[in-house]
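Heads up: the structure comes next, in structure tokens.
The values are calculated or read from the model by the stated rules, or taken from the named source; none is laboratory data. Being a predicted model, the structure only gives us computed values, none of them experimental. For neighbour counting, all protein chains shown are included, and Cβ atoms are generated from backbone atoms with ideal geometry for every residue, glycine included. Please note that ligands, DNA and RNA were not included when accessible areas were found on the heavy atoms of the full protein model with its side chains. Shrake-Rupley method; radii C 1.70, N 1.55, O 1.52, S 1.80 Å.
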Amino acid sequence: MRPHIVVLGNEKGGSGKSTTAMHITVACLKMGLRVGVIDLDGRQRTLARYLENRADFCKRHNLNLKVPHFAALTPLEADGHTNVEEKEAMLLDAAVAEISHGKDILIVDCPGSNTNLGRLGHLLADTLVTPINDSFVDFDLLAKVDPDTLKIKRPSFYSEMVWSTRQQRASAGGTPVDWVVMRNRLSHLDAKNKKRVDQAIRDLSRRVGFRYVDGLSERVIYREMFVNGLTLLDLRETGAGGSMTMSHVAARQELRDLMTGLKLPGFAEQITAKSA
Ligand SMILES: Nc1ncnc2c1ncn2[C@@H]1O[C@H](COP(=O)(O)OP(=O)(O)OP(=O)(O)O)[C@@H](O)[C@H]1O
Ligand SMILES: [Mg+2]
């Protein structure tokens, strides 16, 4: 059976795709789901490196944290005679077939730019998660706003790309994509900007058809744990980050809320079963 495919996408670089992908991956593993990962940003390899760091950390500390089966795909160089786009599509199909085997969930992390692999990745999505930073700079890739009223003038190219992906998927007989936009690096300061961005996302969600869920706050811990391949959910098991602080507890709660908001199949059932 094919796993449910969660794609992290946004052409805006640095919006938190890989960090969010890692946290969703570990949250699903902790729930007992069988998870596979494909990093389509094979040049940067942030998510693949994150997972390699996790495996290294386990070796160094003789720990047995779950590490998913993963692969990274690097964009091919044009050589004048190979059809690069076709070859990349074949390589992606092969990676999906290999990594999906026996899995419940497949997490696919896309690059922060418009590449062939990124576009193909979007076509795979059952759930598309788009993190955006709390700023009109990031919002600009989703829609253009009127500078005086901040009302939406028109969707911009990333929203259009998702629209065309939805059409391609529908004409191929695929199930509709659940597109979820989440804000990342929410600041505790600057309440006015936060409210304006929030309103703009709400307006756009009705217009282009995505769900809008609460995301992650700006926290140093999201940056610090990469080198050891850890997430907020590994703090207790590894003792990383020292003793649990109020900030850790709040961060874990926001991650839990995000996972609930994503409504991934298998995950919701597991939460209900655990709390019953
Ligand atoms: N909630 C957060 N709080 C603090 N720092 C964060 C948060 N989310 C991400 N970061 C940091 O922001 C930077 C970009 O994050 P990340 O690499 O996940 O983004 P990305 O969208 O995958 O980037 P790219 O488009 O280059 O692939 C990293 O340094 C990461 O540690
Ligand atoms: Mg990334």
- Those residues of segment 47-86 which are within 19 Å of LEU33 (Cβ to Cβ), open to solvent by less than 20 Å² (accessible area, probe 1.4 Å) and within 16 Å of ligand 1 (Cβ to nearest atom) amount to LEU47, TYR50, LEU51, ARG54
- Just wondering, is there one or more residues in segment 152-160 that are part of a loop (DSSP other than H, G, I, E, B), under 30 Å from VAL26 (Cβ atoms) and not β-branched (Val, Ile, Thr)? no
- Looking at segment 213-237, which of the residues that are farther than 16 Å from THR25 by Cα and more than 9 Å from ligand 1 (Cβ to nearest atom) is surrounded by the most Cβ atoms within 10 Å (Cβ to Cβ)? VAL213
- Please work out if VAL26 is within 16 Å of ligand 1 (Cβ to nearest atom) and either surrounded by fewer than 19 Cβ atoms within 10 Å (Cβ to Cβ) or part of a helix (DSSP H, G or I) (or both). yes
- Query: Is it the case that ASP134 is acidic (Asp, Glu) and either touching a Cys at 6+ places or on another chain (Cβ under 6 Å) or surrounded by fewer than 20 Cβ atoms within 10 Å (Cβ to Cβ) (or both)?
  - Reply: no
- Test ALA21 against the criterion of being under 18 Å from the mean Cα position of the chain (by Cα), of a type in the set (A, V, I, L, M, F, W, C), open to solvent by less than 20 Å² (accessible area, probe 1.4 Å) and within 12 Å of ligand 2 (Cβ to nearest atom), and give yes or no. yes
